[in-house]
Amino acid sequence: MNSSVRILGIETSCDETGIAVYDSLDGLLAQQLYSQTDMHARYGGVVPELSSRDQIRKTLPMIDATLAETKLSISDITAIAYTKGPGLAGALHVGAMVGCGLAYALGVPAIGVHHLEAHLMAVMLEELQPPMPFLGLLVSGGHTSLIRVDKLGSYHLLGETLDDAAGEAFDKTARLLGLPYPGGRLLSELAESGDINRFDLPRPMLNRPGLDFSFSGLKTAVALLVDRVTLDDQTRSDIAAAVEAAIVDVLVRKTQRAIKQTELRQVVVAGGVAANQVLRQQMQAMVSEEGGQLYVPRPAYCTDNGAMVAYLGCQRLLAGDKSSLDASILPRWPL
Ligand code: KG4
Ligand code: ZN
């Protein structure tokens with residue numbers, strides 16, 4: 001195809017509204033992101049009904065604003081990509097209805113994309129892109145999986161969490177330390193002034209074979225620890241440092257095990273937790289030691305965003321995916 005295709009991407013799977021325009025020749029033209037976290041913080045987690053109502057308020061105005069940034073009009077768009085799942089049903093419906101409605105009115109294709117596939121492929125928005133096949137570690141608020149990526153659309157699950165996701169482990173322990181939701185990034189900031197040697201927390205599943213994860217025991221261990229200490233500022237920081245060290249250690253060692261098993265040395269880390277600086281540093285050290293190369297998107301492409309949806313929609317369209325205007329969603333959708 002000589003002429004470029006221009007995709008409008010719409011991400012509304014949870015508590016962020018992400019809109020972007022991606023051009024197959026010129027790359028990302030513009031993007032906007034709105035996060036609802038302040039609204040949900042007082043409830044200690046995402047309230048699904050509030051999330052969908054806010055997605056309704058934000059999506060169309062943000063599409064307008066993103067297009068204005070590109071100086072394009074809606075009629076310059078070749079196709080629309082929206083997140084079809086997994087995610088919160090009400091929030092997903094907003095993106096699906098807006099995406100399919102616009103596509104119908106414009107007479108262009110609508111492509112529903114997989115949120116986790118979009119996270120995995122977000123690294124392709126960067127200048128340095130991994131060759132395929134690669135080993136992917138997907139760590140978000142809802143998922144923790146090791147995946148062999150052979151090519152676009154060809155994924156083989158190597159291991160996953162049996163209970164809490166890594167992001168959930170960060171958020172739940174952050175809450176035990178009195179931090180607001182979502183606490184992952186705040187816990188990491190608190191850990192900066194902590195002593196990682198003061199408390200030793202378990203590394204679940206490390207002493208068992210295989211590539212699965214489990215993080216619920218870590219949360220229990222932290223709950224017991226919080227009960228028996230005085231939570232002064234230094235102690236909170238020390239516990240935060242111990243939590244971060246334990247989660248990062250498990251993620252890095254399991255990824256190392258996956259490298260050895262698969263002999264894949266090109267490693268991609270994706271999803272919100274990939275924004276964690278300690279994880280990035282320790283993963284980099286391990287992958288170098290294994291003679292491989294690590295690819296992690298910039299933090300803004302690790303957490304939810306519209307750019308990854310627009311990018312994946314573009315690749316899917318070019319690969320021949322068929323348009324569908326049925327606006328159906330898949331709140332639970334394995335990769
Ligand atoms: O991918 P994402 O934005 O949304 C989902 O699809 O789940 O991931 C959100 C998760 C949350 O659990 C959040 O606390 C965590 O990513 N997170 C972090 C950091 N930034 C975001 N966890 C640890 N350190 C961070 N810097
Ligand atoms: Zn996500």
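Couple of notes before you dig in:
- Applying the condition of being crowded, with 22+ Cβ neighbours inside 10 Å and touching a helix residue (DSSP H, G or I) at 6+ places or on another chain (Cβ under 6 Å) to the stretch 297-306 and asking which residue is nearest to PRO182 (Cα to Cα) yields THR303.
- Checked against (1) in contact (Cβ under 8 Å) with a residue 60 or more places away in the chain; (2) over 28 Å from GLY183 (Cβ atoms), GLU289 passes all but a single condition, namely (1).
- For the stretch 238-250, the condition holds for no residue, the condition being that it is outside the structural domain of GLN36 (by TED's automatic domain parsing), outside any helix (DSSP H, G or I) and touching a residue at least 60 places away in the same chain (Cβ under 8 Å).
- Of all residues in the stretch 120-147, those that are over 15 Å from LEU28 (Cα atoms) have Cβ atoms under 9 Å from Cβ atoms of residues that are crowded, with 23+ Cβ neighbours inside 10 Å and among the aromatic types (Phe, Trp, Tyr), 6 or more apart or on another chain, in GLY141/PHE170; THR144/PHE213; THR144/PHE215; SER145/PHE213; LEU146/PHE213.
- The residues in the stretch 160-200 that are within 23 Å of GLN234 (Cα to Cα) and part of a loop (DSSP other than H, G, I, E, B) can be counted, and the count is 16.
- Number of positions in the stretch 129-159 that are more than 23 Å from GLU16 (Cα to Cα), assigned to a strand (DSSP E or B) and not aromatic (Phe, Trp, Tyr): 13
- VAL309 vs. criteria touching a residue at least 40 places away in the same chain (Cβ under 8 Å), within 16 Å of ligand 1 (Cβ to nearest atom) and open to solvent by 30 Å² or more (accessible area, probe 1.4 Å): no
- Note on the stretch 133-160: residues that are open to solvent by 50 Å² or more (accessible area, probe 1.4 Å), among the aliphatic types (A, V, I, L, M) and over 17 Å from CYS314 (Cβ atoms) total 1.
- Residue, nearest to ligand 1 (Cβ to nearest atom), within the stretch 250-274, restricted to residues that are farther than 22 Å from LEU128 by Cα and not basic (Lys, Arg): LEU251
- Among (1) within 25 Å of PRO209 (Cβ to Cβ); (2) within 12 Å of ligand 1 (Cβ to nearest atom); (3) open to solvent by 10 Å² or more (accessible area, probe 1.4 Å) - the single one ILE247 does not satisfy: (3)
- Which listed residue, of LEU206, LEU201, is touching a Lys or Arg at 6+ places or on another chain (Cβ under 6 Å) and either closer than 27 Å to GLU289 by Cβ or open to solvent by less than 30 Å² (accessible area, probe 1.4 Å) (or both): LEU206
- Only strands (runs of 3 or more DSSP E) whose full extent lies in the stretch 5-95 are considered here, and the ones with at least 2 residues that are open to solvent by 20 Å² or more (accessible area, probe 1.4 Å) are 16-23, 27-35.
- Residue under evaluation ALA105, criteria (1) away from ligand 1 (no atom under 16 Å from the Cβ); (2) in contact (Cβ under 8 Å) with a residue 40 or more places away in the chain, criterion not met: (2)
The values are calculated or read from the model by the stated rules, or taken from the named source; none is laboratory data. It should be emphasised that the depicted structure is a prediction, and the values quoted were computed from it without experimental measurement. Backbone-built Cβ (ideal geometry, glycine too); neighbour counts: all protein chains shown. Surface accessibility is based on the protein's heavy atoms, side chains included, excluding ligands, DNA and RNA. Shrake-Rupley method; radii C 1.70, N 1.55, O 1.52, S 1.80 Å.
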